[in-house]
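Each remark here refers to the structure printed beneath this line.
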């Protein structure tokens, strides 16, 4: 009989990978928040200052809790849309991929 001992480290690996993914999502959310604030139209600054991000699991979210934020993003009968959240999320996908890759490789 062989004295080879096999150890299952898959749970440790999954935990480490999950932690790195969460860190990567936090970094992506912070970068996306910056892009949204840069693109946000400014009158008083209230909308721009309300933009924040949250990361949970393998997702990052950016948004605002200001009641008129959807009208600025999507427009209304009286106002043209001035998107700032969607472009922040979609126009920088290569940068977000690079961030995730960096966190997974260097974790």
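The values are calculated or read from the model by the stated rules, or taken from the named source; none is laboratory data. Model, not experiment: these values are computed from the prediction. No Cβ is skipped: glycine too gets one built from the backbone with ideal geometry, and neighbour counts run over all protein chains shown.
If you check 26, 33, 22, which single one turns out to be surrounded by 13 or more Cβ atoms within 10 Å (Cβ to Cβ), touching a strand residue (DSSP E or B) at 6+ places or on another chain (Cβ under 7 Å) and modelled with pLDDT under 95?
22
Taking the condition of being under 23 Å from residue 23 (Cβ atoms) and surrounded by fewer than 17 Cβ atoms within 10 Å (Cβ to Cβ), how many residues in the stretch 36-88 meet it? Break it down into steps so the answer makes sense when it comes.
Filtering the stretch 36-88 for residues under 23 Å from residue 23 (Cβ atoms) gives 36-37, 51-63, 85, 88.
Still in the running and surrounded by fewer than 17 Cβ atoms within 10 Å (Cβ to Cβ): 52, 54, 56-59, 61, 63.
The total comes to 8.
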